[in-house]
Amino acid sequence: MNLILLGAPGSGKGTLAKLLSSKLRVPHISPGDILREGVKQDSPLGQIAKPFMTSGSLVPDEIIMKMMEKRIIQPDCGKGFILDGFPRTIVQAERLDQMLSNSGRSIDFALKFEVSDECALERLGGRRICSVCDADFNLYTKPPKKENVCDICGGKLFQRADDKEEVISNRVKVYREQTLPIEEYYNHQGKLIRINSEPNPNVVLKEILKVLEVG
């Protein structure tokens, strides 16, 4: 099954993508994760992407498309994939459809996760990531037992640059201006499914599986 997850920053795409990936046994592909790893490793891709990411702007289409095309043709995507945070523009959506069509594939569904602005801001502003094992915490909903220390490995927790308040505001603005039209794109294709993602992730997961009619 080939799925796309849509939703504003803080709507829970990343968390639900990981849960769905485990349940459906298909890879979770996040351009953001790939780019952040590139920045962390100071790779050529990371060096190009860093200025866009730290300002909350979208990384140019050409960079994203080349990266995603290379990833989607990997053997582990043979039975499907879950795209989290891609496509983000109509141009990307159209090029993705063409890319898949060339290999006889297509997107099955686009799941739109919906949350209030208040919920999204709390999730993002309170998020902390372990610098060692990448475990995630939230100061409001899932705080670490010891301040700024990972419960799992003892690593130091940090706030991602794109989770800071001024960047969050710009990310939401960019999403509304450039990404919302994608909802209509997939709605026109009859593939858009709206999901309330404010409840506990496991509750949301059950609702998604029910809608997709998979166990």
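Quick note: the coordinates plus some simple rules give every number you see, no bench work behind them. Since we're looking at a predicted model, the values are computed, not measured. Positions of Cβ are backbone-derived with ideal geometry, glycine not excepted, and every protein chain shown enters the neighbour counts.
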Just to be sure I understand the filter: pairs with C-beta atoms under 6 Å, separated by 6 or more residues or on different chains, first member in the range 91-117 and in contact (Cβ under 8 Å) with a residue 12 or more places away in the chain, second member among the polar types (S, T, N, Q). Which pairs pass? Leu100/Ser106; Ile107/Asn2; Asp108/Asn2; Phe113/Ser11; Phe113/Ser197; Glu114/Asn196; Val115/Ser11; Val115/Ser197
Do you know which residues across the range 148-191 are more than 22 Å from Asp61 (Cα to Cα) and aromatic (Phe, Trp, Tyr)? Phe158
What pairs can you find where one residue is in the range 1-30 and over 21 Å from Tyr140 (Cβ atoms), the other is hydroxyl-bearing (Ser, Thr, Tyr) and assigned to a helix (DSSP H, G or I), and their Cβ atoms are less than 8 Å apart, with a gap of 6+ or different chains? Ile4/Tyr186; Leu6/Thr179; Leu6/Tyr186; Pro27/Ser21; His28/Ser21
Could you tell me which of the residues Leu180, Leu205 is part of a helix (DSSP H, G or I), without any contact (Cβ under 8 Å) to a residue 40 or more places away in the chain and within 17 Å of the chain's Cα centre (by Cα)? Leu180
Search result, residues across the range 173-213 that are surrounded by 14 or more Cβ atoms within 10 Å (Cβ to Cβ) and among the hydrophobic types (A, V, I, L, M, F, W, C): Val174, Ile182, Leu192, Ile193, Ile195, Val204, Leu205, Ile208, Leu209, Leu212
Taking the conditions exactly as written (surrounded by 19 or more Cβ atoms within 10 Å (Cβ to Cβ), in contact (Cβ under 8 Å) with a residue 24 or more places away in the chain, at negative phi and assigned to a helix (DSSP H, G or I)), does Met65 satisfy them or not? no
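Give the residue that is surrounded by the fewest Cβ atoms within 10 Å (Cβ to Cβ), with candidates limited to residues of the range 43-60 that are polar (S, T, N, Q) and part of a helix (DSSP H, G or I).
In this case the residue turns out to be Gln47.
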May I ask you to list the residues in the range 52-99 that are farther than 27 Å from Ala161 by Cα and either in contact with a strand residue (DSSP E or B) (Cβ under 7 Å, 6 or more places away or on another chain) or charged (D, E, K, R) (or both)? Ile72, Asp76, Lys79, Gly80, Phe81, Glu94, Arg95, Asp97
Of the numbered conditions (1) assigned to a helix (DSSP H, G or I); (2) of a type in the set (Gly, Ala, Ser); (3) surrounded by 14 or more Cβ atoms within 10 Å (Cβ to Cβ), Ser22 fails exactly one; give the number of that condition. (3)
Restricting to strands (runs of 3 or more DSSP E) lying wholly in the range 80-172: which have 3 or more residues that are buried (at least 17 other Cβ atoms within 10 Å of the Cβ) and not small (Gly, Ala, Ser)? 81-84, 109-114, 127-130
